[in-house]
Structures are given as C-alpha cells and as structure tokens.
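Student: One structure, as structure tokens, below. Some questions next.
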Amino acid sequence: MAAVAGSDENLLSRLFYKQDDPVAIALEDAFEGWLGLKVRTEFPSVTTRTRLSAAAFDAEYKQTRTPVILQHALSEWPALQRWSFEDLAQRCADVVVTANSYSICDDRQVRFADLVAQIRNGPRSGESAPYLQEWQFQKDCPFLLDDVGELAYIADDAQKKLLGFHNAVLWIGARGARTRLHRDFAWMSTFHAQIRGRKQWILLHPDAVLRHRADGEPDFAGLVAGGRAKVFHCVLEPGELLYVPYHWWHRVRTLEDGISLSFHAVEEECARDHFRAVLGALIELALNGDAMRVADPARHEIATRRFREYAKLLG
Ligand SMILES: O=C(O)CCC(=O)C(=O)O
C-alpha cells in the first residue's frame, strides 16, 4: 500500500471520518486482513461482569476508562422481548431513514419497512450489506423509548442534565454490515445495548499509534508490540451492554442480522470539552462548510446530518 508521502501521522486518524477516501479504504482492508489472522488467538477479550452495581462500575471501569461487558443490565428492558425486525418494521414502517449513512458513495434514503425487508433478504450481489447507522429515532419514533429502560450507569450524563434527553441512537443491519474504525465525536462514551443478533467489536486503546514500516506498509504488528495490550476484542451477545470509554477507537462487524441501541453519554469530567467540541464543530460547519465539503466531503456530510438530527431533537 502506498504510504502517505512524507508523513509520520498516526494512520488511525487517517481512517477517522475519511470513510470514502481510497487510502483510508485500502488501509481499512489491510487492517481487516490482519485482524482476520490475529483476532481469535492473540487479542485479550473485554472483561464480562454480571449484575455490576453503578458504584462498582464507576470505581472499576469508568474511573479507569476501561471497557467492560455488562450482563443483566438490560434485563428489565421491554425491548429485549418486544423488538424484532417484524415488530419495528410494522411500527416505524413509513419513516424515511438514511441507510449506510457513514458513506457518501453508498448512502440512500429509504422507507424503514423497505430497509428491513432488504436486511432480511440479504444484500443483492455487488452491494454492501445494508446498515442503518446511528439512527436518531427519538423524534420520528418516540414510542420506541417506552421499550428502553433506565441505565444507572449513565445517571450523571451531562447531556441529559443540560438538554433533557440522552443521545440514544439505533443500529439496524444485515449480517456482514460494518462500521469502520473510528472514535466517537466530542468526548462521548458509548453504552451499546445489543438487542438482536451478535456483533464483533475491536477496541483500540486511545494511545494506540499506527505508523508506516520502512517499506511503506502499515505496521499493524506495532499496535501490539512492547507487551502492552492495546487491542481488545469481544463478541457482544443479545442482552449484553458494552461500555466503550471516550476516545477508545472501535470497529464493529455485524455477525448476524442485528438490532442495537447506543447511548452516547457525556461523563461529568468531559462536559466542558464535549460542549466546546460540539459548538466548535457547529461553528466550523457554519463558517467553513464549503471548504470542508471540498476537502473532506464525507466528514462534511456526516456532520451536516448529525446537526440536522440534533436540531430536530432540540426543536
Ligand atoms: O454498532 C456499530 O456498528 C457501531 C457502534 C458505534 O460505533 C457506537 O455506538 O459508537
């Protein structure tokens, strides 16, 4: 793979946002190949805990910014019993959503019920697996929130405290759908509730650095060199909740047709940085939107969509 000329940048940042950039796509494909060889044998798994109290979660995982899988956190959620593809397709049928919204080559507007039919029928040949990513459902389908229980782990979410609602989004995709390596915007931590299907997660510590080797190839082995584990993996099962602390890189592959819900929460210590980042991004879009659209169309498109949804929620 061609190196980025004269650059010693962290290649992970190259993947961030630049979802349709050919260099980023080649890099991601090479990463996928490397993961395929390593993932089952060499990466440590994310720890799983059962019925963990909010206080223990705080002390052991939140304070140390360590990912963890929490079992039984969702057992009171009606969604676990009620949500199926058929149920959601019936109740959200005519809502228009954007499928594959993390790509500007592949994205498309579609009726929700039609998208579910496409997911269940599997991708047509040559098409990527359909994926409804980061769907801000709260305005169009507020009744779905009735099926989602409280989570004691996000009781201090600074966004909820300030704006009155959590940032909750749905991910509904076909087997094989993936979200490429990225880290979440604006200091948000993720609490990802798996409702249907299984998902493979790869998590990279915030300090992880990916550089080129002397021959110009990406040095994936360097990610785990030095004995300090920087890459973790897990397969999230229905009923489990995964905590991904802010700034951790993550990459997700849907192993079976799946439905999941993320809360993107703002921890108290990050509140100032979060709201500064959101405001900064909004100002950048307002003042430099045209330049951004030329330099990085995918980033421009994703930011525009995100703020449009945000405006609906605030509106
Ligand atoms: O499930 C996915 O495909 C991605 C989830 C994710 O990146 C998140 O919730 O922050």
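Student: Counting only residues that are within 16 Å of the ligand (Cβ to nearest atom), under 21 Å from R14 (Cβ atoms), crowded, with 18+ Cβ neighbours inside 10 Å and of a type outside the set (V, I, T), how many does region 227-247 have?
Tutor: Final tally of qualifying residues: 1.
Student: Shifting gears a bit: In this structure, does Q109 turn out to be in a strand (DSSP E or B), away from the ligand (no atom under 16 Å from the Cβ) and more than 16 Å from the chain's Cα centre (by Cα)? Break it down into steps so the answer makes sense when it comes.
Tutor: Numbers: in a strand (DSSP E or B): yes; away from the ligand (no atom under 16 Å from the Cβ): yes; more than 16 Å from the chain's Cα centre (by Cα): yes.
The answer is yes for Q109.
Student: Mind checking which residues of region 116-128 are within 16 Å of the ligand (Cβ to nearest atom) and within 25 Å of L241 (Cα to Cα)?
Tutor: Hit for region 116-128 is I119, nothing else.
Student: So, one more: When region 129-140 is examined, which residues are found to be within 13 Å of the ligand (Cβ to nearest atom) and assigned to a loop (DSSP other than H, G, I, E, B)?
Tutor: Within region 129-140, the subset within 13 Å of the ligand (Cβ to nearest atom) is 129-136.
The answer is A129, P130, Q136.
Student: With K38, K18 as the choices, which residue is modelled with pLDDT under 80 and among the charged types (D, E, K, R)?
Tutor: Numbers: K38 fails: modelled with pLDDT under 80.
Being modelled with pLDDT under 80 and among the charged types (D, E, K, R) holds for just one of K38, K18, which is K18.
Student: A further question follows. List the number of the failed condition for E256; all other conditions in (1) within 29 Å of A54 (Cβ to Cβ); (2) within 14 Å of the ligand (Cβ to nearest atom); (3) touching a residue at least 60 places away in the same chain (Cβ under 8 Å); (4) surrounded by fewer than 20 Cβ atoms within 10 Å (Cβ to Cβ) hold.
Tutor: Only one criterion is unmet by E256, namely (1).
Student: Which of the residues belonging to region 172-207 are within 10 Å of the ligand (Cβ to nearest atom) and small (G, A, S)?
Tutor: Once the filter is applied, which keeps residues that are within 10 Å of the ligand (Cβ to nearest atom) and small (G, A, S), region 172-207 yields G173, A177, S189, A193.
Student: Given the criterion touching a residue at least 12 places away in the same chain (Cβ under 8 Å), near the ligand (Cβ under 10 Å from one of its atoms), of a type in the set (A, V, I, L, M, F, W, C) and in contact with a strand residue (DSSP E or B) (Cβ under 6 Å, 6 or more places away or on another chain), identify the matching residue among V169, V224.
Tutor: Working: V224 fails: near the ligand (Cβ under 10 Å from one of its atoms).
Step by step, each of V169, V224 is checked, and only V169 is touching a residue at least 12 places away in the same chain (Cβ under 8 Å), near the ligand (Cβ under 10 Å from one of its atoms), of a type in the set (A, V, I, L, M, F, W, C) and in contact with a strand residue (DSSP E or B) (Cβ under 6 Å, 6 or more places away or on another chain).
Student: For a quick check of your reading of the model, give me the residue pairs whose first member lies in region 235-246 and is among the acidic types (D, E), whose second is within 13 Å of the ligand (Cβ to nearest atom), with beta-carbon atoms closer than 6 Å and at least 6 apart or on different chains.
Tutor: E237/R198; E240/Q194
The values are calculated or read from the model by the stated rules, or taken from the named source; none is laboratory data. Computed from a predicted model, the values in this text were never measured in an experiment. Please note: Cβ atoms are built from the backbone with ideal geometry, for glycine as well, and neighbour counts cover all protein chains shown.
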